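Just below is one structure, and these are the notes that go with it.
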Amino acid sequence: MWPLLPLLGRAAVGCVALGCSAGTSTPVPAQPSSQRPLSKDAAEEQGVHPASASLSPAPGAPNSLTPRALIAGPVRKFALTPFFTRRSTAVVPEASVRTFNVPLQCGTSAPCPKPEANVLGWMQLDEHTPRPFSPGRPLISLLNEDEEVAPGEHTFLAAVFTPEQVHADAVSFRVEPARRTQAKQDAFAVAVCFLLLPEPTVNGQGDRALELLAVLLDPHGFDQAPATQAEHEVVIQYVTTGDAGVARGTFPLGVSALLEKPPAGDVQIEVSCQRDGKEVARSQRTVTLNPELTGVQQ
């Protein structure tokens, strides 16, 4: 589901679990939700109370820069939705990696992405660049041309979202080398922070606020059904760093953050997913903002 975010990984080429570069992808265009940000009174009525929001200048930044802070944005209902077809094993042989298609499905428990109807979707391998949600997509298409899937533990993330709701799922799997070794196997990720918005490249944003949205997921094995999530207090902390300084904000799961008057150029986004007051997963992405350009680079 979209507006929801990334998957964390570990093995070799590493990122959220799969391999190499972390966050330089250029996913499908995701237009900011048309839903209006909550006013302070409306937020209080819905029980949305940002834990904190503050801004500090970046090192060496001029004092004349206009302060920017993260504020509460649109509220979406979060739903753990099984997107991955269950398999008999969580192991993918290394020899099959290049021909393996991600067993993704939609249309039953959640809608399939329709950008023209403001229904967005992303899928991601570990901490690699998010790609458009597409059932049956080849695993290797989730990597850049110079990347490979290394033996070890990895995670698939998938999400579809609308202005009102976010559906998301995460599965862990192991790429088994042709020759097994006695080396200790890494454990599957117990939690991942999936950054759904913004996409890596944002064109034509103008002066509109930049929306940030992430969700916390507990991956299950390809050979397992998603576990029922117990009730926990989950909050997401966002930190943006750019020429305008450092902005911070912490919001409940399902509440996006807005960076008003985002600067042009690169903005580093760091996300901390916390459960019952303890951080359980992190993610990060460098986003390039081209406010004067139209269209989105794929």
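The values are calculated or read from the model by the stated rules, or taken from the named source; none is laboratory data. As the structure is a prediction and not an experimental result, all values here were calculated from the model. Because the Cβ atoms are built from the backbone with ideal geometry, glycine has one as well, and the counts that use them run over all protein chains shown.
Yes/no per residue for (1) among the basic types (Lys, Arg); (2) part of a loop (DSSP other than H, G, I, E, B):
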site: CYS106; (1), (2): no, yes
site: TRP122; (1), (2): no, no
site: HIS128; (1), (2): no, yes
site: PRO135; (1), (2): no, yes
site: GLU153; (1), (2): no, no
site: SER172; (1), (2): no, no
site: ARG179; (1), (2): yes, yes
site: VAL190; (1), (2): no, yes
site: LEU213; (1), (2): no, no
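Only one entry in VAL235, VAL202 is among the aliphatic types (A, V, I, L, M), under 28 Å from LEU104 (Cβ atoms), touching a residue at least 12 places away in the same chain (Cβ under 8 Å) and out of contact with any Lys or Arg (no Cβ under 8 Å at 6 or more places or on another chain), namely VAL202.
Checked across the range 77-100, the condition of being loosely packed, with under 15 Cβ neighbours inside 10 Å, modelled with pLDDT of 95 or more and of a type outside the set (Ser, Thr, Tyr) holds for at least one residue.
Here GLU231 clears all of (1) assigned to a loop (DSSP other than H, G, I, E, B); (2) closer than 17 Å to ALA209 by Cβ; (3) not polar (S, T, N, Q) except the condition numbered (2). Only residues that are in contact with a strand residue (DSSP E or B) (Cβ under 9 Å, 6 or more places away or on another chain), assigned to a loop (DSSP other than H, G, I, E, B) and not small (Gly, Ala, Ser) were counted in the range 137-151, giving 4.
It is to be established whether one or more residues within the range 166-178 are in contact with a helix residue (DSSP H, G or I) (Cβ under 8 Å, 6 or more places away or on another chain) and under 30 Å from ILE71 (Cα atoms). Scanning the range 166-178, I find no residue that is in contact with a helix residue (DSSP H, G or I) (Cβ under 8 Å, 6 or more places away or on another chain) and under 30 Å from ILE71 (Cα atoms), so the answer is no. Checked against (1) surrounded by 13 or more Cβ atoms within 10 Å (Cβ to Cβ); (2) modelled with pLDDT under 90, GLU145 passes all but condition (1). Among the residues making up the range 233-250, a single one is under 16 Å from the mean Cα position of the chain (by Cα) and over 15 Å from GLU279 (Cβ atoms): THR240.
Matching residues to (1) buried (at least 24 other Cβ atoms within 10 Å of the Cβ); (2) at pLDDT 95 or above:
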position	(1), (2)
GLY152	no, no
VAL160	yes, yes
GLN165	no, yes
ARG179	no, no
ALA191	no, no
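Of all residues in the range 234-254, those satisfying the criterion of being within 18 Å of VAL192 (Cβ to Cβ) and either outside any strand (DSSP E or B) or small (Gly, Ala, Ser) (or both) are LEU253, GLY254.
With respect to GLU164, is the statement that it is under 25 Å from VAL202 (Cβ atoms), of a type in the set (Asp, Glu) and without any contact (Cβ under 8 Å) to a residue 12 or more places away in the chain true? In short, no. Restricting the range 113-127 to residues that are out of contact with any Pro (no Cβ under 8 Å at 6 or more places or on another chain) and more than 20 Å from HIS220 (Cβ to Cβ) leaves a set whose member that is surrounded by the fewest Cβ atoms within 10 Å (Cβ to Cβ) is GLU116.
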